[in-house]
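**Q** Pasting in a structure now, in structure tokens, and then I'll have a few things to ask.
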Amino acid sequence: MTHRFSPTAGITHRRGAPQACYRRWCDGRDPGEAGLLLVDFELSQYWLAPAPALQLTALYCLRGGRLEVAVTDRRLCGEERCAARQFDAWTAQHDLVVAAAGAPLPLLPTAIPKPWGREIWYSGVEERGVCCFGSGGRRTPIPWLQAVLPEQGAGRPGRALILLKILDPLPQPVSGELYFELHEKKREVYVVIHVDETAWPGGVGYIRYGFNAARLAASGSDEVFRRDYLEAVQSYEAVRRELDELPGERVADSALVQRESALRDTMNGFTHLRPLRVGDVVVVPLRLPHALQHGVRTIEFQTPVYERQILSFAQRVVTQDHWDTPAAVEQMLLRPPPEQAFDCLFESAGARVERIVDFPDFEVRRVRIECGGGVLLAPLRDYALAMVVEGTLALAGQVYGAEQAVLLPRAWEGVLSAGKPAQPLTLLLALPR
């Protein structure tokens, strides 16, 4: 990439692996010496097929012993005679996120429409959407900054972060119900943050979670249960496809609608509805079919892989042309494992930290801080994702409210405390293994 800048500005221009170029540039420099390094490089867009290369430029600005980093896909042109002032001018001109080494990075939400409502992603990097770091109108895609931050401060370049999202189903029955699906690799944990009282006047919503124990026992054997359940789903799928194939302007006749409803009730009669209240935690075991129900809003942390088998859905499936029921029925878990008690990691008069899930690839902690309290985090071995559930979090001069999220970089240490000392704070903290 061709850039234009003043030859007297003290700017160094290189091409290659950005972090390696930065280390070589720093070797032998006085730590207090100011300067600006530009590094042109190619980023493989691993979230797309066939991973096309993107031309980017990393900007490393040293001043006062402090490192600031940015990255852009724009050609840089400027005439400032001071490297630091040129860095400030370019980041302002192109609305670039400036990441101070070791400082938290706010995560911006990205809404992903779904047939049943929407997902709100905070750390997703997929073909369907790429989330960004940013604030104040500035935004930079997560993998761009991952590629340039020294010491893998925002996670390993080329590897997705733990996926943090909010599931926000419609409040209407049926249309707000998620796919009944299972996963072989993707691990998920939900924390309920809202139950729509127009949908559930008593404040108790549901998740379809595995199977009806009484129906399972009455079948006499697991094999018979699987066979009967598969027959019920396939009967429902046939009528579902009749409805899906109707021309858009044609209204289904009442007999077809009634048959769909009756077959759906029969199919769902095999499953178990687990009640949910605000604050409940749902750990989803591998191969256990599950489907969040309408009007139940949750925060979800999950393994960042797109992988599932759909057993059934009460609407048209738009992401694939088939259900996976026969293969899924063969391997689905019929009985969930016993619920595990949370591990209390820290407790004082003003705070409590408990581990709510302990997966092989990541863990999630729930942090509750009372008025005036705080929790000290030791230096992180890797990054962490923090999501505020209620109250406000004061962090590095910024305040985060409910449903706002931030990445804490590798080696970050400090105190988690409430932004409003008179208001309690609850947040979730996810840490990779």
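**Q** Could you tell me the distance between the Cα centroids of the stretch 382-433 and the stretch 107-136, to the nearest Å?
**A** Between the Cα centre of the stretch 382-433 and that of the stretch 107-136, the gap is 19 Å.
**Q** Shifting gears a bit: Going by Cα centres, the stretch 175-221 and the stretch 242-290 are how many Å apart?
**A** So the two Cα centres are separated by 11 Å.
**Q** Order by neighbour count: Asp196, Asp361, fewest other Cβ atoms within 10 Å first, most last. All intermediate terms of the calculation are to be shown ahead of the outcome.
**A** Details: Asp196 18, Asp361 11.
The most exposed by this proxy come first: Asp361, Asp196.
**Q** I'd like the distance separating the alpha-carbon centroids of the stretch 30-77 and the stretch 305-362, in whole Å.
**A** The two parts, judged by their Cα centres, are 38 Å apart.
**Q** Here is a further query. By the gyration tensor of its Cα atoms, with a ≥ b ≥ c the square roots of the eigenvalues, what is the shape of the stretch 170-331: rounded for a/c under 1.5, prolate for a/b over b/c, or oblate?
**A** Working: a/c = 1.44, a/b = 1.16, b/c = 1.24.
Rounded.
**Q** What is the local net charge at Ala349, summed over the other residues whose Cβ is closer than 14 Å to its Cβ (Lys, Arg +1; Asp, Glu -1)? Please list the in-between numbers first.
**A** Details: positive: Arg352, Arg368; negative: Glu347, Glu370.
So the environment of Ala349 carries a net charge of 0.
**Q** If we count every other residue with Cβ under 9 angstrom of Ala100's Cβ, Lys/Arg +1 and Asp/Glu -1, where does the sum land?
**A** Details: positive: Arg66; negative: Glu68.
Net charge around Ala100: 0.
**Q** Which longest run of the chain has no exposed loop site in it, a site being GluC sites (Glu not before Pro) in a DSSP loop with at most 12 other beta carbons within 10 Å, and the site itself not part of the run?
**A** Numbers: sites that count: Glu33, Glu79, Glu127, Glu184, Glu197, Glu245, Glu249, Glu307, Glu339, Glu413.
Here the longest segment lacking exposed loop sites spans 340-412.
**Q** What angle do you read, to the nearest 10 degrees and between 0 and 90, between the alpha-carbon axis of helix 222-244 and the longest principal axis of the chain?
**A** 80
**Q** Based on the alpha-carbon set only, what is the convex hull volume of the stretch 320-416 divided per residue, in Å³?
**A** Working: hull volume 16.5 nm³, N = 97.
For the stretch 320-416, the hull spanned by Cα atoms encloses 171 Å³ per residue.
**Q** Counting only helical runs of four or more DSSP H residues, what would the 222 nm mean residue ellipticity of the chain come to if each run contributes -39,500 (n - 2.57) and the total is spread over all its residues? Intermediate results must be reported in sequence, preceding the final value.
**A** Numbers: 7 runs with 79 residues, N = 433.
My calculation for the chain gives -5500 deg cm²/dmol from helical runs alone.
Bear in mind these aren't lab numbers, they're just calculated from the coordinates by the rules spelled out. The structure displayed is predicted, hence computed values, not measured ones. Every residue, glycine among them, receives a Cβ derived from its backbone with ideal geometry; neighbour counts consider all protein chains shown.
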